Amino acid sequence: EVSLLQPSDWKANWIEPDLPEDATKSGPSPLLRREFSLAGDIERARAYVTSHGLYEMAINGQLVGDAVLTPGWTSYNKRLQYQTYDVTGLLKKGPNAVGVTLGNGWYRGYLAWDDKRNIYGSRLGLLMQIVVSYRGGRQETLASDGAWKSSTGPILMSEIYHGETYDARLEKPGWSSPGFADGGWSGVKVVEHRKDLLVAPAGPPVRRTGEIKPIKVFKTPAGDTVADMGQNMVGWVRLKVEGPTGTTVTLRHAEVLDKQGDFYTENLRAAKQTVRYTLKGGGTETFEPHFTFQGFRFVAVDGYPGQVTPDSLTGIVVHSDMALASTFETSSPLINQLQHNILWGQKGNFV
């Protein structure tokens with residue numbers, strides 16, 4: 001299909017959450033929502049989406065697409081990618097709702113050294129339009145505008161280098177579905193930003209490309225409970241846990257252990273690489289972070305209710321979804337291991 005080629009093809013407005021915040025430090029990820037009604041038999045629907053910061057989008061309670069860390073990192077003052085999704089199967093005749101979560105990402109999060117942030121801007125924003133084609137040829141465009149609502153939710157902090165803090169007690173069930181009571185939510189601001197730098201993606205999206213289970217869980221000499229993924233990887237950990245309401249599980253990530261066999265993070269410099277999850281309680285809970293990623297082989301687990309086992313954690317490998325062009329194998333185990341390391345080095349550096 002032909003992409004949106006001209007700035008005039010965008011009928012949407014840039015919107016920003018009308019929420020009090022301090023852009024000089026990490027804060028909660030905003031939630032944006034809008035309800036709308038569709039009258040007619042839907043033949044085809046496309047969503048065109050981008051953001052200042054990172055975004056995660058849902059329609060009628062279902063996540064849109066399988067890409068992560070969208071819209072990706074570019075030199076945002078020169079080009080900003082947007083994504084196109086086939087959302088035909090997510091929409092229905094009658095009431096619908098769309099919900100978008102925003103994260104700091106590379107746009108305004110901590111970047112490089114010296115605790116620098118707000119490199120490209122200090123406000124998160126959304127630009128989105130859904131083009132619905134009905135049977136018979138009629139088209140309707142639903143776009144980001146001043147009628148959207150904004151609030152915050154369970155993501156209290158999320159930074160590329162520092163990790164994510166998530167309190168499941170603050171979840172808002174049904175917030176991206178029609179009929180949700182958003183009377184207490186704030187509004188949004190319609191703002192002017194350039195649309196002439198919007199481009200279709202130049203490469204494959206970042207996706208979850210594999211899963212790794214820990215090969216063992218052990219205690220370090222210093223007393224840390226550590227899971228060994230058996231492989232230096234880039235991505236994050238899916239946590240599976242059951243425990244009392246308010247329990248906080250902390251995951252710290254490291255690439256190596258020191259000479260004593262203890263957790264070693266000096267090479268991370270200022271990056272915290274720490275994920276904190278607070279349980280809502282009432283059964284088994286599963287959590288993956290949203291707007292961060294880690295480079296690690298070892299995961300130190302603190303505050304876990306009960307025994308940490310290999311079933312408690314799953315490593316989610318994340319990188320730009322490049323096709324494997326070829327494989328290489330020899331009669332030498334050392335050369336094969338070198339080739340293995342080269343491949344995983346590429347995966348880890350292609351986010």
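The values are calculated or read from the model by the stated rules, or taken from the named source; none is laboratory data. As the structure is a computational prediction, the values presented were derived from the model and not from experiment. Positions of Cβ are generated from backbone atoms using ideal geometry, with glycine treated the same way; all protein chains shown enter the neighbour counts. Heads up: the accessible areas ignore ligands, DNA and RNA and are worked out on the full protein's heavy atoms, side chains in. Shrake-Rupley method; radii C 1.70, N 1.55, O 1.52, S 1.80 Å.
Just so you know, in the stretch 110-150 the residues that are open to solvent by 20 Å² or more (accessible area, probe 1.4 Å) and among the polar types (S, T, N, Q) include one that is farthest from ALA58 (Cα to Cα), and it is ASN118. In the stretch 1-36, of all residues being of a type in the set (Ser, Thr, Tyr) and surrounded by 11 or more Cβ atoms within 10 Å (Cβ to Cβ), the one that is nearest to ARG79 (Cα to Cα) corresponds to SER3. Quick one: in the stretch 235-250, of everything that is surrounded by 20 or more Cβ atoms within 10 Å (Cβ to Cβ) and either among the aromatic types (Phe, Trp, Tyr) or touching a residue at least 60 places away in the same chain (Cβ under 8 Å) (or both), which residue is nearest to HIS340 (Cα to Cα)? The selected residue is GLY235.
Listed by position, the strands (runs of 3 or more DSSP E) enclosed by the stretch 188-241 that each have at least 2 residues that are not β-branched (Val, Ile, Thr) are 206-212, 216-219, 225-241. Residues of the stretch 265-278 that are open to solvent by 60 Å² or more (accessible area, probe 1.4 Å) and modelled with pLDDT of 90 or more: ARG276 alone. Open to solvent by less than 30 Å² (accessible area, probe 1.4 Å), closer than 30 Å to THR284 by Cβ, in contact (Cβ under 8 Å) with a residue 12 or more places away in the chain and of a type in the set (A, V, I, L, M): is that true of ILE155 in this structure? Considered against the rule, which asks whether it is open to solvent by less than 30 Å² (accessible area, probe 1.4 Å), closer than 30 Å to THR284 by Cβ, in contact (Cβ under 8 Å) with a residue 12 or more places away in the chain and of a type in the set (A, V, I, L, M), ILE155 comes out as yes. The number of residues in the stretch 286-311 that are more than 30 Å from HIS52 (Cα to Cα) and surrounded by fewer than 17 Cβ atoms within 10 Å (Cβ to Cβ) comes to 8. The condition (being crowded, with 18+ Cβ neighbours inside 10 Å, in contact with a His (Cβ under 6 Å, 6 or more places away or on another chain) and not polar (S, T, N, Q)) is satisfied by just one residue among TYR82, TYR76, TYR107: TYR107. The single condition among (1) of a type in the set (A, V, I, L, M); (2) under 17 Å from the mean Cα position of the chain (by Cα); (3) open to solvent by 20 Å² or more (accessible area, probe 1.4 Å) that VAL317 does not satisfy is (3).
Looking only at residues in the stretch 193-244 that are among the hydroxyl-bearing types (Ser, Thr, Tyr) and out of contact with any helix residue (DSSP H, G or I) (no Cβ under 9 Å at 6 or more places or on another chain), the one that is nearest to ASP258 (Cα to Cα) is THR220.
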